[in-house]
Each structure stands twice: as C-alpha cells, then as structure tokens.
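Let me begin by presenting the structure, written as structure tokens, before commenting on it.
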Amino acid sequence: MASEAQTGTGTRTTRTAPVTGVVRTRKRMAAAFLLPALVLLGALVVYPIGYSLYRSFYDRSGEFTGFGNYVTLFTDDTILTAIRNNAIWVVLAPTVATALGLIFAVLTERIRWGTAFKLLVFMPMAISMLAAGIVFRLVYEQDPDRGALNAVWVGVHDSFAESSAFPKAHPGQESPLKPGGGGSFVTRTTVEAGVPVALPLLGVPKEQMPEEAAPAKPAAEEPGKVTGTAWQDFTLGKGVGERNAPDASESGYPGLTVEAVKGGEVVESTKAAADGTFTLSKKADGAQLRLPASNFREPYNGVDWLGPDRALPFVGVNFVTLSVILAYVWMWAGFAMVLIAAGLAGIPRELLEAARVDGANEWQVFRRVTVPLLAPLLAVVLVTLMINVLKIFDLVFIIAPGDVRDDANVLALQLYNSFVDRDSGVASAIAVLLFLLVVPVMAFNVRRLRREVRR
C-alpha cells in the first residue's frame with residue numbers, strides 16, 4: 001500500500017504493510033495461546049457436564065429412563081434428607097462464617113496484637129478438609145477421656161451437679177430394702193428409735209469405691225435416735241459372708257444420703273460416715289428410710305454430639321449436622337475475616353470520624369456506616385461460601401460416624417454413595433442438580449464483580 005507525502009523539496013512516496021495481514025496474524029497467535037486452555041476446559045469441564053447430563057437419563061443397567069432419575073431425587077428419603085441438609089448448610093454455614101469474620105475483622109482493627117490474632121484465626125485454612133475432619137472427629141468423641149469438647153462439658157457439669165460414687169449399687173434378693181420408684185430404694189418396714197438398721201447393698205466394684213471408704217461396722221444403739229449402717233455386703237474372695245450383717249472386710253458407703261420419710265414427706269436427712277454408719281434424730285422414729293436416686297445417678301458422660309435422633313428444638317437441625325457445620329465455620333471464618341479486613345482498610349476514615357463527630361456511638365457507626373459500606377464485599381464473601389458449601393463432602397464423610405451418616409447426608413456425599421452403589425444414573429442426576437444450583441449463585445457473583453469493576 002503506497003502513500004504520498006508533500007515535503008519542501010518535493011513529493012515522497014512511502015509504503016505500509018497491509019493492515020489485514022497484521023490482524024490475521026494476531027488472531028492466529030491469540031488462538032494458538034488459547035487453544036491449550038480451551039482443550040483443557042473442554043476435556044475437564046464441558047465434556048463431563050455434557051456426559052453427566054446424557055448419563056442422567058439412563059438407569060444403572062444402561063437403559064433409557066427419561067426423567068426417572070430426577071423423579072428419584074425428590075422421592076427417595078435418603079436423597080431428600082441430603083437436599084434438606086444442603087439447604088441447612090447454605091443458610092447456616094456461610095452466614096455464621098461471614099458474621100464471625102466481620103466481628104473478628106472489626107474488633108481486631110485497633111488492637112496491637114490484631115495481626116497475631118488474625119493469623120491464628122486464618123491458620124485453619126492451611127489444614128486440609130481431611131485433616132480437619134479427623135481432628136474434629138476426636139474433638140466430638142463422647143468419651144470425656146478422649147473427646148476434648150466433652151471433657152470440658154463434663155467438667156463444667158460436675159462443678160454444679162457432682163455424679164454419685166455408687167451408680168451400680170443395688171440391694172440383694174433378701175435385703176431389707178426394696179425399690180421405691182424413680183431409682184430410689186426404701187426399707188420394707190418402718191424403723192424404731194434405739195434399734196440399729198442394716199442397709200446392705202451390692203454392685204460397686206472395690207476399685208470404684210471412694211478412697212475415703214473405711215471398713216464397715218455395726219451401728220451402736222442410741223436411745224431416742226435411729227442409727228444404722230449402709231455398706232457393701234460383699235467381700236472379694238469370700239462372697240457374701242454373713243448376709244445382711246456388716247463385716248470388717250467389707251466397706252462402708254461414705255457420703256450416702258439417707259432420708260426418713262413419713263406420709264410421703266422427708267422429715268430428716270443425713271449422710272453416712274466413712275464406715276457407713278449414720279444417725280437420725282427421734283423425728284425418724286416410725287418412718288421408712290429411703291436411699292434417694294441421687295445416690296445412684298450414673299456419671300454424666302457428656303453430650304453425644306454425633307449420636308442419632310438428636311435435634312435442636314424448634315429448629316430441626318440434628319446435632320451431627322450442626323457439629324459438622326461448626327467444624328466448617330472453624331476453618332472458613334478466617335477466610336471471611338481476611339477479605340473483610342481488607343475491605344475495612346479501604347473505607348475512608350473521614351466518614352467514620354464524621355459519624356462520631358455527629359454524636360454516633362461505636363455501635364451506630366458500625367451498623368449505619370461500616371456495614372453499609374462493606375455490603376458489596378459481604379455479599380461476595382457470602383456467595384463465595386455458598387458455592388463452597390454446596391459441594392461440601394470431606395467433613396461430612398470423615399466426622400459423621402457410619403450409623404448416623406445418613407442423618408448428616410449432603411448431595412455431594414450422596415453422589416459418591418450412588419457411584420459406590422453402581423447407580424451412575426442417579427449419581428449423574430445429582431451432579432446435574434448441583435450444577436444447576438451452583439450456576440445462579442456463580443452468575444450473581446460474576447455480575448456483582450463486574451459492577452464493582454465498572455465503578
């Protein structure tokens with residue numbers, strides 16, 4: 001292509017390369033760079049989605065079933081539980097994680113050690129879901145000697161309601177005691193002042209007796225008072241020995257509560273000494289003696305966090321699902337905190353100071369200035385976590401025991417179980433359902449991000 005230019009000495013002719021050829025070269029170069037990415041995108045994303053959609057119309061034997069697999073999704077009880085649990089996950093987990101992230105980011109903004117605190121909160125993000133699941137499976141163990149959460153829970157509980165030292169104690173066949181209802185035991189007859197009473201019991205192993213337990217001895221006669229002995233009527237190696245009579249080789253029941261009951265009311269109460277002896281005043285004359293159920297209360301063993309058929313009242317969320325959600329929040333609250341802290345750093349301080357000058361307190365500044373300014377970022381964090389929880393699998397698979405895994409079931413886990421059961425048709429239908437659930441959320445997130453870029 002030629003062009004002429006007028007100069008002071010004459011006319012000069014120049015030539016330029018064809019524009020069309022340059023454009024074609026650039027397009028070819030762009031295609032060459034994009035081709036590997038497009039091939040990988042097609043092989044790893046487009047093809048699996050297309051094949052899953054195709055396979056979802058066939059049953060496990062390969063016969064065409066139309067929408068039969070999709071009907072199964074909304075009629076099978078196990079899959080319906082997974083859908084319900086996924087809905088609970090989408091509502092609870094992102095909301096709680098985002099709220100905690102916001103609180104942590106705001107509270108640590110002005111303190112010196114805020115960076116160290118943020119580092120500690122963010123550290124769980126460096127742990128894989130598998131490792132976190134194993135850790136929380138141990139944390140939720142019901143045995144207080146193994147489960148950290150129940151160790152704390154039992155310690156707090158026993159501080160206010162100490163468990164009995166005699167949970168297995170019970171009267172023998174020929175004992176003067178009989179069941180009194182509600183786990184208590186009462187004497188078969190009324191007692192008289194000045195006549196010692198024998199309250200023999202069985203069932204407490206020697207190694208479980210309290211350290212202060214002393215050899216049992218018969219109670220002394222005291223005129224005008226009701227005396228007696230409560231003891232373990234059994235000696236290892238000797239058997240019962242003399243039935244219903246204290247023996248020096250047998251142990252008393254220290255601290256055992258003894259009540260005198262008349263007309264259904266407790267007129268007096270006392271506790272047995274180390275050797276099992278006890279004394280009641282003349283008020284107990286003609287009364288029945290009762291050993292209340294509190295003497296035989298089983299040791300508190302904590303909460304069965306991962307047990308079946310446990311649900312929060314008025315909410316309908318079972319404990320095992322809630323426990324797994326808490327583990328997820330522990331991992332992802334740091335992610336939300338870091339993003340929100342970055343957003344806080346970008347808020348103009350003049351706006352916050354202006355609100356304070358106008359008389360707003362810190363809560364009003366937070367609620368009416370900080371949160372509205374962070375609203376777009378909070379929405380992005382919330383939506384990102386929603387996409388993440390829709391695909392949750394690892395934590396549920398590791399934390400939930402096998403006998404309650406169906407109660408904590410989610411769609412990703414059900415997809416895995418369907419493939420294990422060789423029902424690839426239902427598994428593909430679940431995969432398509434997950435894809436359809438994720439697409440609107442992703443579209444919302446992309447649209448919001450584009451709006452932010454335009455601003």
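The values are calculated or read from the model by the stated rules, or taken from the named source; none is laboratory data. Keep in mind that this is a model prediction, so the values were computed, not measured. When we count neighbours, we look across all protein chains shown, and the Cβ atoms used for this are built from the backbone with ideal geometry, even at glycine.
So here's what we get for this one:
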{"item": "The stretch 194-235 - residue that is modelled with pLDDT under 90 and either of a type in the set (S, T, N, Q) or in contact with a helix residue (DSSP H, G or I) (Cβ under 6 Å, 6 or more places away or on another chain) (or both) and, of those, surrounded by the fewest Cβ atoms within 10 Å (Cβ to Cβ)", "result": "G224"}
{"item": "The lone exception for L377 - which of (1) more than 17 Å from A333 (Cβ to Cβ); (2) at pLDDT below 90 it fails", "result": "(1)"}
{"item": "Spans of helices (runs of 4 or more DSSP H) in the stretch 382-455 with at least 3 residues among the polar types (S, T, N, Q) and modelled with pLDDT of 85 or more", "result": "411-420"}
{"item": "Residue match in the stretch 151-164 (condition: in contact with a Pro (Cβ under 7 Å, 6 or more places away or on another chain) and under 27 Å from L395 (Cα atoms))", "result": "yes"}
{"item": "Tally of residues being assigned to a helix (DSSP H, G or I) and surrounded by fewer than 18 Cβ atoms within 10 Å (Cβ to Cβ) across the stretch 141-152", "result": "3"}
{"item": "Single residue of A220, A165, A116, A131 found to be aliphatic (A, V, I, L, M), outside any strand (DSSP E or B) and closer than 30 Å to P299 by Cα", "result": "A165"}
{"item": "Residues (of a type in the set (A, V, I, L, M, F, W, C), out of contact with any Leu (no Cβ under 9 Å at 6 or more places or on another chain) and touching a residue at least 12 places away in the same chain (Cβ under 8 Å)) located in the stretch 90-121", "result": "L100, F104"}
{"item": "Any hit, the stretch 420-436, residues being more than 19 Å from L80 (Cβ to Cβ) and crowded, with 17+ Cβ neighbours inside 10 Å", "result": "yes"}
{"item": "Number of the exception - G183 against (1) surrounded by 12 or more Cβ atoms within 10 Å (Cβ to Cβ); (2) on the phi < 0 side of the Ramachandran plot; (3) modelled with pLDDT under 90", "result": "(2)"}
{"item": "Residue match in the stretch 366-376 (condition: closer than 30 Å to A87 by Cα, in the same structural domain as V91 (by TED's automatic domain parsing) and not in a helix (DSSP H, G or I))", "result": "no"}
{"item": "Candidate set from the stretch 69-92 (those that are more than 16 Å from M386 (Cβ to Cβ) and of a type in the set (V, I, T)); member that is farthest from the chain's Cα centre (by Cα)", "result": "V71"}
{"item": "Total residues in the stretch 287-343, condition among the acidic types (D, E) and either at pLDDT below 80 or at positive phi (or both)", "result": "2"}
{"item": "Single residue of L130, L107, L138, L80 found to be touching an Asp or Glu at 6+ places or on another chain (Cβ under 7 Å), under 30 Å from T321 (Cα atoms), in the same structural domain as L322 (by TED's automatic domain parsing) and loosely packed, with under 15 Cβ neighbours inside 10 Å", "result": "L130"}
{"item": "Yes/no for L41 being modelled with pLDDT of 90 or more and within 30 Å of V410 (Cα to Cα)", "result": "no"}
{"item": "Any pair with Cβ under 9 angstrom, 6 or more apart, that starts in the stretch 292-307 at a residue that is within 29 Å of L177 (Cα to Cα) and ends at one that is part of a helix (DSSP H, G or I)", "result": "P299/V154; P299/D158; Y300/W153; Y300/V154; Y300/H157; Y300/D158; N301/N150; N301/V154"}
{"item": "Filtered residue count, the stretch 93-120, keeping only those that are more than 21 Å from I392 (Cα to Cα) and under 19 Å from the mean Cα position of the chain (by Cα)", "result": "0"}
{"item": "Some residue of the stretch 175-190 being among the aliphatic types (A, V, I, L, M) and in a loop (DSSP other than H, G, I, E, B)", "result": "no"}
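Conditions (1) touching a residue at least 60 places away in the same chain (Cβ under 8 Å); (2) touching a strand residue (DSSP E or B) at 6+ places or on another chain (Cβ under 7 Å); (3) not assigned by TED's automatic domain parsing to the domain that holds V261, marked per residue:
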position	(1), (2), (3)
Q288	yes, yes, no
N318	yes, yes, yes
M331	yes, no, yes
A342	no, no, yes
P348	no, no, yes
